[in-house]
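All remarks here apply to the structure that follows.
The values are calculated or read from the model by the stated rules, or taken from the named source; none is laboratory data. Since this is a predicted model, take the numbers as computed values, not measurements. Note: ideal-geometry Cβ built from the backbone for every residue, glycine included; neighbour counts use all protein chains shown.
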Amino acid sequence: MLSKSPALSIIASLCFFWFLINFTFPSSCSSLETNATDYEALMAFKSHLLLQENSILATNWTSTAHFCSWFGVKCLNQRVISLQLSGLALQGQLSSDIANMSHLVEIDLSSNDLGGALTSELGFLQRLRILNVTKNSLQGRIPANLSRCAELQQLDLSYNFIAGSIPEELGRLSNLRHLAVDHNNLTGRIPASLGNFSKLEYFYLHENDLDGEIPVELGKLASVTVMALRGNNHTGSIPDSIFNISTMQVMDLSINGLSGRLPDSLGSRLSSLENLFLDSNRITGRIPAFLSNASKLTHLFLTENDLSGNIPNEFGELQNLEWFEFEYNQISGGIPYSLFNITSLEILKTRHNYLNGDLPHDLGNWLPNLREIFLSHNQFSGEIPPSICNATKLTSLEASNNSFNGPVPMMLGNLVELEHLNLQVNLLVNNPLSTRLDFFGSLVNCRNLEYLVLDSNPLNGIIPDSVGNLSSNLKVFTAISCKLKGGIPHSIGNLSSLNFLGLSNNNLQGKVPSSFSGLQNLERIYLTGNKLEGTIPAEFCSIQVLGILHLGENSFSGSMPLCFQNLTELREISLAANILNSTVPLGFWDLVKVEGVNLSRNQLHGPLPVELGNLKAVNIMDLSSNDSRVKFQTR
């Protein structure tokens, strides 16, 4: 047997030792420890979850496979760098052991149902760039320790129940580009230190309970494109500094308690601004004309403030404007004609101001994209321009509570997308060359029409038979106090989707057509104050959903229908001031949902039964001016 030399023995021993290190163990002792740490951290994370037996983590996160191949886990050099477990309906709590995966770059646990509080140990993840836990049920406070995650670029904690104040220490996150803590229960002031986010692009603090003034320091957010502070309790003036951020595309400060005037220079430096939401505050003064320099502006919301003065003529230069609303202010003067030359305009809302004057005669010729126009509760006068009928994409036209006069435009049928037409409380009349309301014939083409409201206009015409050819989607038709005459057309029974019919206070004559039996979705009927006659049709009783029936101040005669007892959803009924001559059907007193009854000023007679006490929901009942011999009597 050959003997080994000492040198060869030493070499052989060294080779064997090298083999043990490289093949029996991982590449180093420290690697062994950290790999094990990642594995243990993942198992600890899993142990804090409430998992169903067949859930992906219960079946996939097992020792039969290396953890780097587990669902939602990504590794680099066998170290966990990413945990992506979004939208798995995970329940339980976020384990503090997650911070032991020291190489983590991304944590995405969004759209689950995790509870508990964010662990302060997250601050030990020095490589972390993305932390996304939006749409969970997390509580507690934002850990100040997160400020130690120096590489953090995205912090998304939105849609949780996180409370307390925003830690001032977060301002140290110099690499942060995306901050979203919206839709939580955060309180206190916005720390001025958040103005240190020099790289921040998205700033979402909306829908919390934050208060105090908006810090002037936020004007230093030189890279921000979206700033959303909506739905908080911020007060004081808006700092001029934030109107100098040239990168700003969306600014939403709506639904706060902000006050003061807007700076005259507003818009001069907002060259990128596309959306400006300042609605539901207490802002005063005039709308700055300089805002017209924000040439990319598409959405401008100024509703529910205390703004006054005129709409600047320069706003016609906003050629990308799509949505402009300034309702519930004190704006006066006319709408600049130049505003109606913005071909991109889709929605214009001006309600509840002091606007006046005529609308331009060519209003609809340059608005090919107009979908909604709301002009109600102003002081407009003159005719509704027939050219409005050229805005063929219009779905809502509301011009109520003004002083518009002249005939209702005859070509409304060109608005084939129209869903909502409200012209009530004006001085509109019918075509003087016709006794019938001929514009109904045109409205037949509006196959999507759902709301037709014409109340309080001196139309002075006859409802044509074409009313029955209106949209099968029509839900509301009211023409109260319109000096209507003639009868109610039998064709009205074709409006099978109708749930509100209001024709009170007119001069309608004749009988109620039996076709009402076709109105099976009708919940409210108002026919008070006409000259209708005959017996009350039993067809009303077939409308099972009927809740309000007002037939007072007509000339209905005969008996109260016995079938009224079938109207089990009835809440209000008025038959007052007719010439009804009968007893009240006994079953009527079993309508337990009735809250208001007016049978006064008829010739009703007979005893009032003790069953009247069944009407426990009644708060108003008037049976006066009937047979004086009426008295209570048992069955």
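For GLY413, the test of being more than 25 Å from GLY333 (Cα to Cα) and touching a Cys at 6+ places or on another chain (Cβ under 7 Å) is passed. Consider the stretch 397-418 and keep the residues that are within 24 Å of the chain's Cα centre (by Cα) and buried (at least 20 other Cβ atoms within 10 Å of the Cβ). The one that is nearest to SER497 (Cα to Cα) is LEU418. Within the stretch 546-557, one or more residues are surrounded by 14 or more Cβ atoms within 10 Å (Cβ to Cβ), assigned to a loop (DSSP other than H, G, I, E, B) and either small (Gly, Ala, Ser) or more than 44 Å from the chain's Cα centre (by Cα) (or both). Only one entry of LEU562, LEU580 meets the criterion of being of a type in the set (A, V, I, L, M), exposed (fewer than 15 other Cβ atoms within 10 Å of the Cβ) and closer than 15 Å to LEU604 by Cα, and that entry is LEU562. In the set ASN422, ASN414, ASN401, only one residue is of a type outside the set (Gly, Ala, Ser) and in contact with a His (Cβ under 9 Å, 6 or more places away or on another chain); that residue is ASN401. Would you check which residues across the stretch 583-607 are on the phi > 0 side of the Ramachandran plot and surrounded by fewer than 17 Cβ atoms within 10 Å (Cβ to Cβ) and list them? Within the stretch 583-607, GLY606 is the sole residue that qualifies. When the stretch 130-153 is limited to residues that are among the charged types (D, E, K, R) and surrounded by fewer than 18 Cβ atoms within 10 Å (Cβ to Cβ), the one that is farthest from the chain's Cα centre (by Cα) turns out to be GLU151.
Tell me which residues, restricted to the stretch 558-595, are assigned to a strand (DSSP E or B) and closer than 17 Å to LEU527 by Cα. Selection gives GLU572, ILE573, SER574, ILE579, LEU580. Criterion first (among the hydroxyl-bearing types (Ser, Thr, Tyr), within 19 Å of THR247 (Cβ to Cβ) and more than 22 Å from the chain's Cα centre (by Cα)) does SER193 satisfy it? So SER193 does not fit the description; no. Once the stretch 468-504 is narrowed to residues that are assigned to a strand (DSSP E or B) and not β-branched (Val, Ile, Thr), the residue that is farthest from the chain's Cα centre (by Cα) is GLY486. Within the stretch 312-321, the only residue that satisfies the criterion of being surrounded by 20 or more Cβ atoms within 10 Å (Cβ to Cβ) and outside any loop (DSSP other than H, G, I, E, B) is PHE315. Just one of the listed residues (THR478, THR435) is of a type in the set (Ser, Thr, Tyr) and either touching a helix residue (DSSP H, G or I) at 6+ places or on another chain (Cβ under 8 Å) or surrounded by fewer than 19 Cβ atoms within 10 Å (Cβ to Cβ) (or both), and it is THR435.
Being outside the structural domain of GLY92 (by TED's automatic domain parsing), farther than 28 Å from LEU85 by Cβ, of a type in the set (A, V, I, L, M) and touching a helix residue (DSSP H, G or I) at 6+ places or on another chain (Cβ under 8 Å) holds for only one residue in ILE214, ILE166, and it is ILE214. I'd like to know if the stretch 286-296 contains one or more residues that are in contact with a strand residue (DSSP E or B) (Cβ under 9 Å, 6 or more places away or on another chain), modelled with pLDDT of 95 or more, surrounded by fewer than 18 Cβ atoms within 10 Å (Cβ to Cβ) and within 28 Å of HIS234 (Cα to Cα). Checked the stretch 286-296: at least one residue is in contact with a strand residue (DSSP E or B) (Cβ under 9 Å, 6 or more places away or on another chain), modelled with pLDDT of 95 or more, surrounded by fewer than 18 Cβ atoms within 10 Å (Cβ to Cβ) and within 28 Å of HIS234 (Cα to Cα).
Within the stretch 195-202, not a single residue is outside any strand (DSSP E or B), closer than 24 Å to ARG282 by Cβ and acidic (Asp, Glu).
Selection of the stretch 276-311 for residues being part of a loop (DSSP other than H, G, I, E, B) and hydrophobic (A, V, I, L, M, F, W, C) yields LEU278, ILE287, ALA294, LEU297, LEU302, ILE311. I'm trying to understand the selection: among the residues of the stretch 59-108, which are more than 17 Å from HIS48 (Cα to Cα) and in a helix (DSSP H, G or I)? Within the stretch 59-108, PHE67, CYS68, SER69 qualify. Checking the stated criteria, GLU383 turns out not to satisfy the condition of being of a type in the set (D, E, K, R), under 29 Å from the mean Cα position of the chain (by Cα) and surrounded by fewer than 23 Cβ atoms within 10 Å (Cβ to Cβ). Looking at LEU522, LEU459, just one residue is under 34 Å from the mean Cα position of the chain (by Cα), outside any helix (DSSP H, G or I), among the aliphatic types (A, V, I, L, M) and modelled with pLDDT of 95 or more, and that residue is LEU522. None of SER147, SER137, SER102, SER158 is touching a strand residue (DSSP E or B) at 6+ places or on another chain (Cβ under 9 Å) and either under 19 Å from ILE56 (Cβ atoms) or outside the structural domain of LEU51 (by TED's automatic domain parsing) (or both) except SER158. The listed residues are GLU207, GLU213, GLU168, GLU217, and the only one of them that is touching a Pro at 6+ places or on another chain (Cβ under 6 Å), charged (D, E, K, R) and closer than 24 Å to LEU258 by Cα turns out to be GLU168. One residue stands out in the stretch 194-212 among those that are closer than 9 Å to VAL224 by Cα and of a type in the set (D, E, K, R): the one that is surrounded by the fewest Cβ atoms within 10 Å (Cβ to Cβ), namely LYS199.
With respect to (1) touching a strand residue (DSSP E or B) at 6+ places or on another chain (Cβ under 6 Å); (2) part of a loop (DSSP other than H, G, I, E, B), the lone exception for ASN369 is condition (1).
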